[in-house]
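Taking it in order: structure first as structure tokens, then the write-up.
The values are calculated or read from the model by the stated rules, or taken from the named source; none is laboratory data. Owing to the predicted nature of the structure, the values given are computational and were not obtained by experimental measurement. Positions of Cβ are generated from backbone atoms using ideal geometry, with glycine treated the same way; all protein chains shown enter the neighbour counts. Quick note on the areas: whole protein, heavy atoms, side chains included, nothing else; ligands and nucleic acids left out. Shrake-Rupley method; radii C 1.70, N 1.55, O 1.52, S 1.80 Å.
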Amino acid sequence: MRAFLIACLCCCYALASGFKIAEQSLNATALSSAYVAGAFGADSAYYNPANMGFSHQLSQSDKSELELTLTGIYIPGFSFTTDTGRKDIGQGSINWGLSTETTLGVPDKMANLANTFLGVDLKAPIKVDSEEKNQHGTYGFSEKGALVEGSADPTFFPVPKVFYKSKTAKSSFGNWNYGVSFTAPSGLAMNWNGEAGAFLRNVMIAMVEFSPSLSWNYNERISIGVSPRILYGMGNFQNTVFVPLGTPQKPGKVETNLQDFDEIPSSMIPEAMGELIYAVNTAQGNALAALAGIGIGGGKHLDNKLRYKLPTLFNPEAWFGMADPSVFDEFINEDKKSIDVAGYNAKVEEINATIKKNWEHYKGEWENGNLEWRYNDKTCAGQTTICLPTLFNPVPNETYTTTLNGETQTGYKFVNGVNYCIQNGHTTSGFFGCQHMGETMEKAKELGAYVNCYTGTFYDYNGNLQTSNPGPCAYPTPTETDENGVPRGYATLMDAKELSEKFGMGDMNITTNLVGATKVDQKSKGADFAFGYKAAVSVRPFESKKTTLSFVYTSPVTFNLKGDLDATTYIGGSMGNVNMKADLNLAVTLPSSMQIALMHNFGRLGVEFVYEKIYWSKGDKFAFNFSNPRFTPLSGMVMQFSPEQLSGMMDLADYGAVAMGDGWNDTIALRLGLSYLTKKNYFLMGSFAFDQSPVPQDKLGIPDSNAYMFGLGVRKQTSDKWNIGLAYSLSLKDGRKSIYQTGGFGQLHLFSASIGYTF
């Protein structure tokens with residue numbers, strides 16, 4: 001089950017230079033985050049709270065400052081390929097395909113008898129491939145790798161930010177400043193396509209941070225700052241992951257017993273047993289099997305064919321809606337000696353339900369008097385002369401209303417005289433009182449009237465004209481009925497489970513081996529608040545205050561994302577598919593980091609170098625749990641599994657194979673920033689940075705690689721109170737050593753615009 005979550009939520013943790021946006025403000029964008037020791041103004045509250053009380057050419061300590069920044073994140077669309085031939089099963093989310101092989105544990109004695117006398121091998125394994133295609137576009141497991149293609153759609157993601165720092169409050173104990181920042185340190189929405197992009201199919205990540213800050217400094221020579229961090233993260237994910245269930249050397253095993261099933265799914269019935277089922281039910285095919293079937297109560301299809309006949313008092317089903325046995329032809333393949341027992345029995349149940357409904361309607365008609373022997377207001381106790389139609393007592397056209405199938409219909413109160421006229425051929429003779437018969441017959445046919453008095457001399461429940469009868473108004477007494485006295489109708493066939501039990505195999509074990517990787521489609525969402533802090537120290541060791549040395553530590557932040565999970569596993573084959581819904585709880589840690597920065601001003605020129613260490617190897621990657629799992633079997637053998645059996649089967653999954661955070665390393669980032677203040681108050685900025693990726697380049701997982709960053713920007717002081725600026729940053733992802741080949745450098749573009757106000 002854990003595999004359902006790994007691929008979908010790993011991207012929430014993909015905060016290496018791809019999803020982690022360190023460049024939050026205008027200055028940081030232009031300087032590629034070489035903006036720690038030289039941080040000044042409103043955004044210093046975020047980058048280095050210790051610097052809030054330090055003066056700068058563009059920032060006065062006795063003024064408060066507010067800055068609004070809007071950053072647009074743009075990633076061009078790109079295509080890539082993944083060479084899975086460099087991997088084995090168990091080394092990532094790879095669509096190896098899936099095959100199943102089911103073997104019935106037929107007792108040796110029974111298997112030998114079936115093989116010797118019936119010529120069938122009941123122990124032959126059933127090999128069925130999953131309905132989902134593998135990476136080659138074929139079905140079933142294949143350990144041969146492929147060059148798999150994928151792509152990502154272009155993405156643009158605008159993010160607003162706010163920064164504020166107060167003016168310096170001086171006291172005998174030093175100088176104090178406070179500030180606040182509202183940022184989005186991580187966030188992106190991307191759509192990935194193709195086989196290779198399935199594990200990140202549709203991703204939306206949003207993370208916002210609110211950070212108050214406080215600093216103390218002494219004479220702008222040494223300063224200490226701290227900033228509590230309050231973060232809210234959320235994500236919606238829709239993706240596909242391929243989870244190994246077993247290898248050819250060590251297949252995943254699912255063991256059950258025939259007693260666990262109400263019926264054996266057709267996908268679990270070997271061809272030999274299918275032939276045996278055919279012979280037992282049809283009394284055809286293998287003669288010995290057919291004979292053996294008769295001995296254990298088989299031959300029901302033959303019995304059904306013989307059962308359909310003209311209705312009588314003792315076999316009245318045909319009056320009540322029994323269809324011709326040819327309706328079963330679609331379920332029987334005489335050439336292949338096979339029979340669809342489930343489909344056949346479903347048809348039997350449908351026909352028998354119709355018979356029962358019509359029978360109960362007929363009984364109601366009898367009980368409410370619509371079927372009385374009524375003739376010229378005289379009641380006959382038997383077929384006597386006085387009840388016969390004559391010239392002076394013709395057949396009446398008396399009608400009545402009734403309800404059949406929820407509709408009101410008109411029927412005729414037929415009497416024994418109708419039978420007399422039909423049986424003796426006097427259908428038009430007025431002398432015999434039959435002069436109204438033609439008119440009566442046509443009108444009854446138009447009205448859809450059914451036979452009255454249950455004589456069988458007119459239209460039955462199937463709409464067929466009956467010309468034989470067991471006697472006028474005789475109440476039928478069927479020889480075979482169910483517990484409610486309803487005529488039996490057709491008989492159901494013997495399925496694989498019943499046949500196995502009849503032949504003494506009712507306690508048979510069933511073993512299914514799984515080889516390959518199963519496809520899992522999942523949707524999930526989660527959200528949580530998390531907390532951390534940032535601590536900073538800045539020192540200006542020289543009297544000139546032109547040099548600043550800073551140290552900033554950012555604590556790890558752990559999210560416990562809570563939400564919902566909806567995952568469908570496509571095992572297919574004889575096993576079938578399973579859906580699971582559960583409550584999600586995922587622990588994801590944003591790593592701690594340490595920055596050491598040195599800044600020196602050469603007059604109007606400023607140069608800063610930043611060394612950053614990010615501890616990706618520490619903390620939780622995907623420490624998750626789910627609770628309240630709700631399983632829904634969708635097809636196949638699992639339809640009859642208990643929740644415990646379903647859970648046990650899903651535990652076969654090799655979760656570690658798709659754990660995309662494994663092997664991540666601590667990284668460094670090296671940043672160099674240059675700034676120059678012109679005489680006309682244009683603050684020009686440029687930068688270069690190298691940002692190392694924590695992701696092993698030879699592993700399937702997050703498609704990230706080392707980044708080379710370039711930044712440019714300008715800020716203009718338009719007045720004593722207002723300033724505006726623009727900045728641009730380009731990150732080039734060097735994927736030449738990555739298993740994900742793009743044919744060039746990946747790109748991440750940042751565009752920032754800001755407006756600042758001093759008061």
Going through the stretch 238-274 in order, the residues found to be open to solvent by 20 Å² or more (accessible area, probe 1.4 Å) and assigned to a strand (DSSP E or B) are Q238, K253, E255, N257
Considering the stretch 172-203, residues that are part of a strand (DSSP E or B) and open to solvent by 50 Å² or more (accessible area, probe 1.4 Å), and then whichever is nearest to S524 (Cα to Cα), we arrive at N202
State whether one or more residues within the stretch 144-153 are modelled with pLDDT of 90 or more, open to solvent by less than 70 Å² (accessible area, probe 1.4 Å), outside the structural domain of N48 (by the TED database) and within 29 Å of the chain's Cα centre (by Cα).
-> no
Matching residues, the stretch 76-112, being of a type in the set (A, V, I, L, M, F, W, C) and open to solvent by 30 Å² or more (accessible area, probe 1.4 Å) = F78, I89, M110
Identify, please: which residue in the stretch 326-346 is part of a helix (DSSP H, G or I), in contact (Cβ under 8 Å) with a residue 40 or more places away in the chain and not hydrophobic (A, V, I, L, M, F, W, C) and is, among those, least open to solvent (accessible area, probe 1.4 Å)?
-> Y344
Which residue pairs have Cβ atoms closer than 8 Å, lie 6 or more positions apart in sequence or on different chains, and pair a first residue in the stretch 625-638 that is more than 17 Å from F261 (Cα to Cα) with a second residue that is small (G, A, S)?
-> F626/A582; S627/A582; N628/A582; P629/A582; P629/S647; R630/A582; F631/S647
When the stretch 730-759 is examined, which residues are found to be among the small types (G, A, S), at pLDDT below 95 and assigned to a strand (DSSP E or B)?
-> S731, G746
Report yes if R221 is in the same structural domain as Y46 (by the TED database), among the basic types (K, R) and within 38 Å of the chain's Cα centre (by Cα), otherwise no.
-> no
Which one of A587, A535 is small (G, A, S), open to solvent by 30 Å² or more (accessible area, probe 1.4 Å), part of a strand (DSSP E or B) and out of contact with any helix residue (DSSP H, G or I) (no Cβ under 8 Å at 6 or more places or on another chain)?
-> A535
Filter the stretch 684-724 down to residues that are at pLDDT 90 or above, farther than 15 Å from N665 by Cα and part of a loop (DSSP other than H, G, I, E, B), then give me how many there are.
-> 3
Number of the exception - P160 against (1) buried (at least 17 other Cβ atoms within 10 Å of the Cβ); (2) part of a strand (DSSP E or B) = (1)
Quick check: is even one residue across the stretch 57-75 surrounded by 24 or more Cβ atoms within 10 Å (Cβ to Cβ), within 39 Å of the chain's Cα centre (by Cα) and not acidic (D, E)?
-> yes
For L113, indicate whether it is among the hydrophobic types (A, V, I, L, M, F, W, C) and in contact (Cβ under 8 Å) with a residue 40 or more places away in the chain.
-> no
Give, as residue ranges, the strands (runs of 3 or more DSSP E) completely inside the stretch 26-108 that count at least 1 residues that are without any contact (Cβ under 8 Å) to a residue 60 or more places away in the chain and not polar (S, T, N, Q).
-> none
N579 fails exactly one of (1) within 20 Å of L231 (Cβ to Cβ); (2) open to solvent by 10 Å² or more (accessible area, probe 1.4 Å); (3) of a type in the set (S, T, N, Q), namely (1)
Does F559 count as open to solvent by 10 Å² or more (accessible area, probe 1.4 Å), over 23 Å from the mean Cα position of the chain (by Cα) and not charged (D, E, K, R)?
-> no
Please find, within the stretch 480-495, the residue that is surrounded by the most Cβ atoms within 10 Å (Cβ to Cβ) out of those that are of a type in the set (A, V, I, L, M) and out of contact with any Phe, Trp or Tyr (no Cβ under 7 Å at 6 or more places or on another chain).
-> M494
Restricting the stretch 496-518 to residues that are closer than 20 Å to K109 by Cβ and of a type in the set (V, I, T), the residue that is surrounded by the most Cβ atoms within 10 Å (Cβ to Cβ) = I510
Considering only residues of the stretch 539-552 that are open to solvent by 70 Å² or more (accessible area, probe 1.4 Å) and not basic (K, R), which is farthest from N219 (Cα to Cα)?
-> F551
State the number of residues belonging to the stretch 197-242 that are of a type in the set (D, E, K, R) and in contact (Cβ under 8 Å) with a residue 40 or more places away in the chain.
-> 3
Unique match (being of a type in the set (G, A, S) and part of a loop (DSSP other than H, G, I, E, B)) among A653, A727 | A653
